[in-house]
1. Ignoring everything except DSSP H segments at least 4 long, calculate the 222 nm mean residue ellipticity for the chain; use -39,500 (n - 2.57) per segment, divide by total residues, nearest 500.
2. With angles folded into 0 to 90 degrees, how steeply does helix 46-66 sit against the dominant principal axis of the chain? Use alpha carbons for both and round to 10.
3. Is the shape of region 585-629 rounded, prolate or oblate, going by the alpha carbon gyration tensor and its root eigenvalues a ≥ b ≥ c, with a/c under 1.5 for rounded and a/b larger than b/c for prolate?
4. Test of understanding: what is the full-extension gain from residue 254 to residue 623, defined as 0.36 nm times their sequence separation minus their Cα-Cα distance?
5. What fraction, in whole percent, of alpha-carbon pairs in region 371-559 exceed 21 Å separation?
6. Just to confirm the number: angle between the C-alpha axis of helix 378-399 and the first principal axis of the chain, 0 to 90 degrees, nearest 10?
7. Using the Cα atoms of the chain, I'd like the radius of gyration and the largest Cα-Cα distance, Dmax, both in angstrom.
8. Hey, what angle do you get for helix 510-525 against the long axis of the chain, alpha-carbon based, 0 to 90 degrees rounded to 10?
């Protein structure tokens, strides 16, 4: 049995067992899930969620086996989401020989009948390292981490957290590593904490990111104005404890350090139930803003997505105001499951960082940590920040507070000299943020690379052109000079939330975020919906991929993206008439074709474009080459002869670098090359001009090449020359 047939047999066996199979795509769900218009999450009780997690843990061993994971790997259920139609999405973390795997998370998707339909994996396939005995000691790793910290000054290892041995699987080759917590002076002055990951053999830095995830800035006094907040009555009066929102408590940190905001903390309590005076002369005023903002954020997630709190378990996270001194920041810290808000500095009048969109932003960092857990560096870090900007903005619209109306400016109430921290409609207006994707986006500070997704979201929601929103001027410009309408902010937010919670993982990039949102739009509105089409237009407008064919005309909208990602097209079209090829649709099996491997197949593990047969090339995940050819083809002597075929590319690779390729050769000359960078959710028709071969007899060859790591499968169908 060939390696390819062995892989197919393993997949088929897992299907027969009713367990999960992995088709070789970065997002099997995005590639193969049937659109379910109207799909959404349903509310579940805490007991039901706990039982769903127990069920997921019981299934974990079978899931790991069916995915091809090794005997040293274990899955631990982290979250379960249930759709209104009965579908289920289980998020797992992974361990290797009991060590945490950074970048090992995944989501497994089941339909309403309990059948696994696919998975989204941060790291595809099994994980293996040479051993789990490090060459470096934990203390040496801590010293190396302090040396390599990027976001803190005067760095030192945090003795409380120390260095933890992990497997780092964010890149192609998993390595044994240490994860260390480093403390020091923050870039804006006050103390900060940073996670640094170093190689356990050499101490070389592998990754680093801030543990305080938040915006930098300051509030403008009591930005919420006069509002109603939830408190708790005690025998002696009232406290700022919000029992209706998971028991969320707002504390006065009394200038405790960022690293330990509860050090000097005390509860806000008084004999009357009126809080603050609308200015910073009362310490309660900042607490009112925080309490109000967190309650509105909870209500937004609850009423819109049936999500009960940050972790969907009905438990509120404590919040601390008046943290540190001169702190131009607010942040969410998952290690303490808490949020901290500073008082600002002389740079903007010492006003608290407690505005409504700031509260929504920070609480949304918690939601991200509880779901996709997007790593806070590289492109995933930009997506993490953008997610908080997106939902902080949506909370502002949801609250409908005349003192702070909804808009797409981030932190516009923070008394910043530029008027806001960031703008979603025009990210580049601050001189630092990116509004268009470039190959260097992953090397930019995450607060600035977030501009790409912020820009996408604004265009998806509002479309292009100038308008006034919330009393502020907005202008939806694009990177490709395209113009289009939006789908509305509520629909755009629904797409982003579903993509975040159902398809994204810790290592999601902008390219894979596009795939996730397109699948989310298909789930919610249909694969051929105008909403999905406009989502693709918005991504193309920020230089991520190309637009899908217009569902009204079937005409694709080109963009100037340097290495575009082709998009899905309607399936089932017949091959052109007058085909000079023999058996171009492969419906007669191998007739007319010469293949170096078992490429031509009718296996149902992958879809055909037309009929039942197709050619599946590559898919090994290691160094390999393949050839599929036909000789003695008589190219027409009149007209403008062309080669046409339908191609579907599924890959575990990410980004736009061509690691695995499929070349179209005619008489030994390469006329076209496709790669993992051309990954598509469905089949895309390709056309190659054969005018120079008019009246000649030619040999057509599809030649595939795959590199050492990660899998790419090229599906070819309905080939014609005419």
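Only the coordinates and a few stated rules stand behind these numbers; no lab work does. This is a predicted model, so every value here is computed, not measured. Neighbour counts run over all protein chains shown; Cβ positions are idealised from the backbone, glycine included.
1. Numbers: 11 runs with 165 residues, N = 722.
Per the formula, -7500 deg cm²/dmol.
2. 40
3. Details: a/c = 2.90, a/b = 1.34, b/c = 2.16.
The shape class here is oblate.
4. On the way: separation 369, 0.36 × 369 = 132.84 nm, distance 6.01 nm.
The span from residue 254 to residue 623 would gain 126.8 nm if fully extended.
5. Working: 7978 of 17766 pairs.
Of all Cα-Cα distances in region 371-559, 45 percent exceed 21 Å.
6. It works out to around 60 degrees.
7. 27.0, 97
8. Between the helix axis and the principal axis of the chain, the angle is about 90 degrees.
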